[in-house]
Structure formats: C-alpha cells, structure tokens
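Shown next, in structure tokens, is the structure this report addresses.
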Amino acid sequence: MERYIITTEHLTKKHGADYRIRDINLHIPQTGIYGFLGPNGAGKTTTLKLLLGLIRPDSGTISICGQSLTERTRLKSLREIGSLIENPSGYAHLTGLENMQIVAKLKNVPFSQIGDVLKVVDLYQQRDKKLKNYSLGMKQRLGLAMALLGNPKILILDEPTNGLDPAGIQEMRCLLKSFVTDRDMTILISSHLLSEIEQLADSVGIINQGEMVYEGRLSDLACQGQHLEDIFLTLTEHSGK
C-alpha cells in the first residue's frame, strides 16, 4: 500500500462568491517528485499557500506526515517543510551568506548548516556577493538553499523554473532530482509547463479552474496507453471556450 506524506480532503477556498479552489483531494506519495500541473490562474498557488498555512481554508482538511494541520499543530508540521513560493525573496544590499544567516535565525537552525546547503546548490563560492548582483538563476538557487535549511522532509516549490534560461532550467531539474536520490525528499512542484512536469515528476495532479481533473502516477498512464499531454490539452481546450 502506497504511503502518502501529504493528503487533503475536500480542500476549498473562496474569494467572495467565487471559488479559488473547490474540493481538492491530493495524495502525494512519500519520496519522489509530485507535479502539480495547471494553466495560469488554475488555483495552484492558492493550494500551496493553504498547505503552508499562509492562508486558511474555508472547508476541508490537510494532513502532513500523518498529522492534521491545525492551529495547534501548524508549527510542528511546517518544520518538516521547506518552501519557495512565487519569487525568491531577500535583502538586495546584503550578501548571499548574510541572507542565509537571517533565514537560519528565523528557522532556529545552526549557522553550521549554511555552508553545506550553499555547496549543494553550487553557491558557496558566491556567498560573499551581494544579492543585487546575483542572476535570476542564482537567486532561485539561493531560495532553494534557504528552503533546505533544517533538513526538511518535504520541499514545496511554486514555478521554480520561471524566467530561467534553458541552462538554468536544466540545472534546476538536476538539483531537484538529486534531492530525491540523495536526501530521500518529497518534492511538490507546481508548473503550468507540461514539458517540465513530464521530465521531472513521478506522480502528477492536474488542476483546472480550481478543481482537480486528474491525479496519478505517470507510469500508470503509460500502462493504460494514455498520455499526459492528451489530458492536459483537453482541459486547456475546454477552459478556453
């Protein structure tokens, strides 16, 4: 029986009379990469913010590492998670190392971890450069390093390849795959790019207009003679009508 590290049941968030997401049921397997795929505005970021406790659901439940996410358990559950939502943030006038030290203090993580994670994302030699002089790819990798502080079991990443050039995208793919093989991590990665999910993910959930339309392992699709591209193209065609 497959073990799930994150699950949701009927997760719902409204904005006025409209639904941002409705009855979202996620089943994210332990260890591996789960691709959360959908067009822009489908509800991906809203779902990720709910999983991180950044916003509250109107209804439904969230379970992380077998424990329900509530106000009482939130801090304990979120210690298991590193995240990079939307654009990586930091202080432009400070160095990469100084930015890492601020995050380490906030996470109550010893500074001794900083050098190790900067080496993992290949920024150790750039640690004394000011953030304003980092390229976009370097900023994304610094955001990943911040997320890795504290050795989380789970990484939640929102469109981490946005704005990267082809070399940066390939670099990011290799990094994420190495986290799974070297650290036994579970990575939840959202994207509106079908090609990214196909090249990265073991499992996939597809969301459109705030509702889940498919979830399963890519290997199961192949066994059934189906293709992720066909499912995704069908939903985008319908959403454009």
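The values are calculated or read from the model by the stated rules, or taken from the named source; none is laboratory data. Note that this is a predicted model, so its numbers are computed, not measured. Cβ coordinates were reconstructed from backbone atoms using ideal geometry, including for glycine residues, and neighbour counts include every protein chain displayed. These accessible areas exclude ligands, DNA and RNA; they are computed on the full protein's heavy atoms, side chains included. Shrake-Rupley method; radii C 1.70, N 1.55, O 1.52, S 1.80 Å.
Annotations
- Subset of segment 176-218 (residues that are of a type outside the set (D, E, K, R), surrounded by fewer than 20 Cβ atoms within 10 Å (Cβ to Cβ) and outside any helix (DSSP H, G or I)): His192, Leu193, Gln209, Val213, Tyr214, Gly216
- Pair list, Cβ under 6 Å, 6 or more apart: segment 176-193 residue at pLDDT 95 or above, other residue open to solvent by 60 Å² or more (accessible area, probe 1.4 Å) and not in a strand (DSSP E or B): Thr186/Gln30
- Residue among Val103, Val121 that is aliphatic (A, V, I, L, M), over 17 Å from the mean Cα position of the chain (by Cα) and within 27 Å of Val180 (Cβ to Cβ): Val103
- If the condition is being within 11 Å of Leu142 (Cβ to Cβ), at pLDDT 95 or above and of a type in the set (S, T, N, Q), then segment 77-101 contributes Thr95, Asn99.
- Applying a threshold of 6 Å to beta carbon distances and a minimum spacing of six or more residues, or different chains, the list of pairs starting in segment 31-44 at a residue that is touching a residue at least 40 places away in the same chain (Cβ under 8 Å) and ending at one that is assigned to a loop (DSSP other than H, G, I, E, B) and surrounded by fewer than 17 Cβ atoms within 10 Å (Cβ to Cβ) reads Thr31/Asp184; Gly32/Asp202; Ile33/Asp202.
- Of the criteria (1) in contact (Cβ under 8 Å) with a residue 40 or more places away in the chain; (2) farther than 26 Å from Ile5 by Cβ; (3) in contact with a helix residue (DSSP H, G or I) (Cβ under 9 Å, 6 or more places away or on another chain), which one Gly115 fails: (1)
- Residue match in segment 84-99 (condition: of a type in the set (A, V, I, L, M, F, W, C) and in contact (Cβ under 8 Å) with a residue 60 or more places away in the chain): yes
- Segment 97-149, residues that are of a type in the set (Asp, Glu) and at negative phi: Glu98, Asp116, Asp128
- From the list Ile6, Ile21, the lone residue that is of a type in the set (Val, Ile, Thr) and touching a helix residue (DSSP H, G or I) at 6+ places or on another chain (Cβ under 6 Å) is Ile21.
- Where strands (runs of 3 or more DSSP E) fall wholly inside segment 1-67, the ranges with 1 or more residues that are of a type in the set (D, E, K, R) and either crowded, with 16+ Cβ neighbours inside 10 Å or in contact with a strand residue (DSSP E or B) (Cβ under 6 Å, 6 or more places away or on another chain) (or both) are 4-15, 18-24.
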